[in-house]
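Here's the structure, in structure tokens; my notes come after.
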Amino acid sequence: DVKNNHLKLKPAVFSKDSCYLPPLRYPATCTFKGGLESEKQQYIIHGGKTPNNELSDKIYVMSVVCKNNKKVTFRCTEKDLVGDVPEARYGHSIDVVYSRGKSMGVVFGGRSYIPSAQRITEKWNSVADCLPHVFLVDFEFGCSTSYILPELQDGLSFHVSIARNDTIYILGGHSLANNVRPANLYRIRVDLPLGSPAVNCTVLPRGISVSSAILTQTNNDEFVIVGGYQLENQKRMVCNIISFEDNKIEIREMETPDWTPDIKHSKIWFGSNMGNGSIFLGIPGDNKQALSETYYFYMLKCAEDDANEDPQTFTNSQTSTEDPGDSTPFEDSEEFCFSAEANSFDGDDEFDTYNEDDEEDESVTGYWITCCSTCDVDINTWVPFYSTELNKPAMIYCSHGDGHWVHAQCMDLAERTLIQLSEGSNKYYCNEHVEIARALQTPKRALPLKKPPL
């Protein structure tokens, strides 16, 4: 939430029955209105890069199960797909269409690693455009079907997608094979009768050339496109208004905001939609400053009444704690995503009533916990121990009593054992409780027995 030119963050945790959600980069996200009353709005997350720089083909469904004055609790579940499963990718889009009382997810575009047979040492991380197939995904039954449309000739990544009822509009994008950003504008319509779905595509004129742009909605029939790139090292400073009327789309330029000098001179920028016509932008700080990894954030209001307002600079900045040598370099993409509307926290759980002193004891609920008497994990000195870790230490759930979390490193878990426990359903008991409840414990590393020769 943004109030008085300050960004306020509300604590969020995952429920105990949630699956592990890795810190993905460049995933495709969208909102989905579920059928259950307790899960009116869900968030669909698909694909992206994992901390090990591999690509994910999994689909995660996340929903809010509890929201109070202290924190928000999410539930995250992994959805298994059958049929034509989209290959692991990033830089793509996922949207939801609604037709005849039914809904379906639509996956399109993106990039993927080159085939395994071609991944030699020098080209191990080389990527290529995904085939221009359109995937329909049924979130209820986990079925996926691919469609080949003759109008879609090239695989595109980091394009802009707009979903309206049974139609998706694809604008811009980057073709890696040709290194161009064609002025594309496609209309994909999905009909969901009782039988097989019908998918057709129409090429529309007067598209725009842009990649990695940010889309925000200002009213029911109007959207605004902000940011992105028109060339590899050239930001696109022009903003466009997209309006719909009688199933016709119109794209026109809006008056350019008064960008600050820092935004104008920055080579990269990133951000996302905050709802209600607001855009959240970030740029890296000046490397000459003492804190070379500082990022500065701005908020741009895109409603027509205040489109000429200057971007508001936030007084607080965020400093990266990662070693830049270990992190993946910036790519033609936005770096983070807000999916909730700006007013989603209004009401009884107003931010102004939150008091840090009222927060629950983090030794029980927080991620940085004291898991055992000999725990020495410190937020200020911790460094990755397992290959699956990125920003936080790996933890495992002890099933004793009401259960509690312990650090895998403190329990001296081998990485192979950690992975086996995370994939299986066996109960685990930490070193302090294993005597009380006999079950799976950290296996002791023993030397192999020497057998005498026959």
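The values are calculated or read from the model by the stated rules, or taken from the named source; none is laboratory data. Predicted model only: the values in this text are computed from it and were never measured. Side chains are part of the model used for accessible areas, which takes the heavy atoms of the whole protein and leaves out ligands, DNA and RNA. Shrake-Rupley method; radii C 1.70, N 1.55, O 1.52, S 1.80 Å.
Ignoring any ligand, DNA or RNA, what whole percent of the accessible area of the range 162-300 comes from carbon and sulfur when the probe is 1.4 angstrom? That fraction is 45 percent. Which pairs in the list LYS79/LYS264; LYS70/LYS235; LYS392/LYS427 are over 32 Å apart, alpha-carbon to alpha-carbon? Listed pairs above 32 Å: LYS79/LYS264; LYS70/LYS235. Close amide H pairs (under 5 Å, H built 1.01 Å from N) link TYR428 with SER399, residues at least 5 positions away or on another chain.
When only alpha carbons are used to place a centre, the range 134-186 and the range 228-259 end up 19 Å from one another.
Taking a probe of 1.4 Å, how large is the accessible area per residue of the range 40-192, in Å²?
Roughly 43 Å² per residue, with all protein chains present.
Note that the range 73-78 has calculated 3J(HN,Hα) couplings of 10, 9, 10, 10, 10, 9 Hz, one per residue in order, obtained from phi through the Karplus relation 6.51 cos²θ - 1.76 cosθ + 1.60 (θ = phi - 60°); glycine and proline are x.
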